[in-house]
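Shown next, in structure tokens, is the structure this report addresses.
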Amino acid sequence: MKSFEYLCLFCIRAFRGERTSSAIYHLLKGKKSSQTIQDGNLYSLAFLFGLLPDLSRAELDSTIARFEQDQLISFQDDFYYLTEKGSTVLEKEAENFPFPDYLNGWKYKGKADVFWKRYSLLTQTLSNLQMGRTDFIPVQYEETVQHFVKKILLQDGIAKKELCEIIYKETFDILGSVGDQQAYIFVSKLSGHLHSGLTLLQISKMLGIDETWVRLEFQAALHYMLQKIERKVDHYPVLSKLCSDMIHRPNLTATTQKTFYLLERGYKLEEIAAARNLKQSTIEDHIVELALHLDSFSISPYVPKERAQIIQQAAYSLKTNQLKRIKEYLGLADVSYFQIRLVLTKMGDAHG
């Protein structure tokens with residue numbers, strides 16, 4: 001079994017017949033919609049968020065079709081379920097595809113991409129400057145990335161040779177704690193003087209593992225580095241500068257940040273909707289996202305404590321995250337889907 005097939009089966013089991021294949025597609029591609037973001041939390045799949053940004057719908061659909069043909073899944077009421085055979089296969093293949101504990105696609109997707117661009121350009125630039133070359137082709141063309149790296153190179157008090165030694169020491173210290181394969185993939189992708197980094201496909205062929213798993217292992221290495229830097233900023237003075245504007249920052253969508261700004265200034269939901277010329281349901285999506293990613297965010301202004309307890313009990317009794325089933329079970333006309341979503345968000349995957 002290929003790793004992409006394993007990821008798909010893993011997601012189907014996690015969704016427990018409560019989401020369509022579109023949920024898998026949007027999760028792995030990293031669609032920043034309120035539904036996808038909440039699904040990641042409700043079904044304990046946030047760590048896979050955005051790991052396959054180039055995934056095509058055709059590839060997913062053909063994989064799902066093969067699963068049906070091989071009787072690994074069954075289709076009922078627009079949803080997919082693992083068959084007994086599918087569950088057996090998934091359990092067996094789990095030994096071949098262990099997820100690193102520090103893999104966290106939702107928290108680090110955007111941050112990891114930016115960190116890698118800055119890191120790879122900085123190390124490539126230093127490698128060439130050490131050899132007296134300034135005419136190399138940069139591995140990163142984005143102006144913001146190049147400007148950021150220039151600021152680090154032009155800082156006073158650190159010679160280029162010393163900067164190289166510090167980066168090597170800090171990188172070695174971090175990568176020494178990850179798996180050998182992840183460290184190899186990370187280093188193999190780096191470019192330097194008269195040396196071009198390998199592509200994921202080239203690394204895949206060299207290691208004899210498929211490209212999807214190479215991508216996952218590479219992202220895991222980046223996520224681990226960011227976690228280590230966040231916890232010990234003073235221990236990694238140079239690497240921390242590469243992500244100083246990102247660490248400890250909630251991974252909120254830009255539109256939710258604007259809503260949060262107005263919330264903090266005392267605006268009510270309907271006032272924010274009017275001020276931003278958005279539907280109130282959109283603002284509610286933002287509130288759900290805030291509840292998901294800010295531990296200090298209280299949902300009590302939107303869901304009274306007694307009502308939250310009733311919703312929570314219903315979700316436990318039904319063992320489901322489906323809003324419609326919970327609302328019908330409660331039989332209370334004044335319980336809104338918004339309130340149910342907020343309670344489920346704070347619960348997380350309580351019955352996975």
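The values are calculated or read from the model by the stated rules, or taken from the named source; none is laboratory data. If you're wondering where the values come from, they're calculated on a predicted model, not measured in any experiment. Reconstructed Cβ throughout: ideal geometry from the backbone, glycine too, with neighbour counts over all protein chains shown. In case anyone asks, the SASA skips ligands and DNA or RNA and just uses the protein heavy atoms, side chains included. Shrake-Rupley method; radii C 1.70, N 1.55, O 1.52, S 1.80 Å.
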Only one residue in Leu318, Leu278, Leu332, Leu262 is over 28 Å from the mean Cα position of the chain (by Cα) and more than 28 Å from Phe10 (Cα to Cα), so which one is that? Leu332
Among the residues of the range 131-150, which ones are assigned to a helix (DSSP H, G or I) and either acidic (Asp, Glu) or open to solvent by 50 Å² or more (accessible area, probe 1.4 Å) (or both)? Glu143, Thr144, Gln146, His147, Lys150
Matching option when the condition is open to solvent by 80 Å² or more (accessible area, probe 1.4 Å) and either more than 30 Å from the chain's Cα centre (by Cα) or among the aromatic types (Phe, Trp, Tyr) (or both), among Leu194, Leu163: Leu194
Every residue in the range 246-260 that is within 15 Å of Val288 (Cα to Cα) and open to solvent by 100 Å² or more (accessible area, probe 1.4 Å), please. Lys258
Only one of Leu60, Leu48, Leu52 is buried (at least 19 other Cβ atoms within 10 Å of the Cβ) and farther than 30 Å from Thr259 by Cα, namely Leu60
Which residues, counting only those in the range 166-177, are surrounded by 15 or more Cβ atoms within 10 Å (Cβ to Cβ) and either part of a loop (DSSP other than H, G, I, E, B) or among the small types (Gly, Ala, Ser) (or both)? none
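Might you check whether a residue that is in a loop (DSSP other than H, G, I, E, B), farther than 22 Å from Lys319 by Cα, open to solvent by 40 Å² or more (accessible area, probe 1.4 Å) and at pLDDT below 95 occurs anywhere in the range 24-38? Write out each step before concluding.
Let us first name the residues in the range 24-38 that are in a loop (DSSP other than H, G, I, E, B), namely 30-33.
Among the residues that remain, those that are also farther than 22 Å from Lys319 by Cα are: 30-33.
Subset that is open to solvent by 40 Å² or more (accessible area, probe 1.4 Å): 31-32.
Filter once more, keeping what is at pLDDT below 95: 31-32.
Yes, that holds for at least one residue.
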Any residue that is touching a Cys at 6+ places or on another chain (Cβ under 9 Å) and crowded, with 17+ Cβ neighbours inside 10 Å - is there at least one of those in the range 88-97? no
Suppose we keep only residues that are open to solvent by less than 60 Å² (accessible area, probe 1.4 Å) and among the hydroxyl-bearing types (Ser, Thr, Tyr) within the range 299-336. Which one would you say is farthest from Glu270 (Cα to Cα)? Thr320
Which one of these does Ser244 not meet: (1) of a type in the set (Gly, Ala, Ser); (2) free of Cβ contacts under 8 Å to residues at least 40 places away in the same chain; (3) touching a helix residue (DSSP H, G or I) at 6+ places or on another chain (Cβ under 7 Å)? (3)
Out of the residues in the range 98-125 meeting the condition of being of a type outside the set (Asp, Glu) and not in a helix (DSSP H, G or I), tell me which one is surrounded by the fewest Cβ atoms within 10 Å (Cβ to Cβ). Pro98
Residue list for the range 73-87, restricted to those being in contact (Cβ under 8 Å) with a residue 24 or more places away in the chain, surrounded by 13 or more Cβ atoms within 10 Å (Cβ to Cβ) and not β-branched (Val, Ile, Thr): Phe79, Tyr80, Tyr81, Leu82, Gly86, Ser87
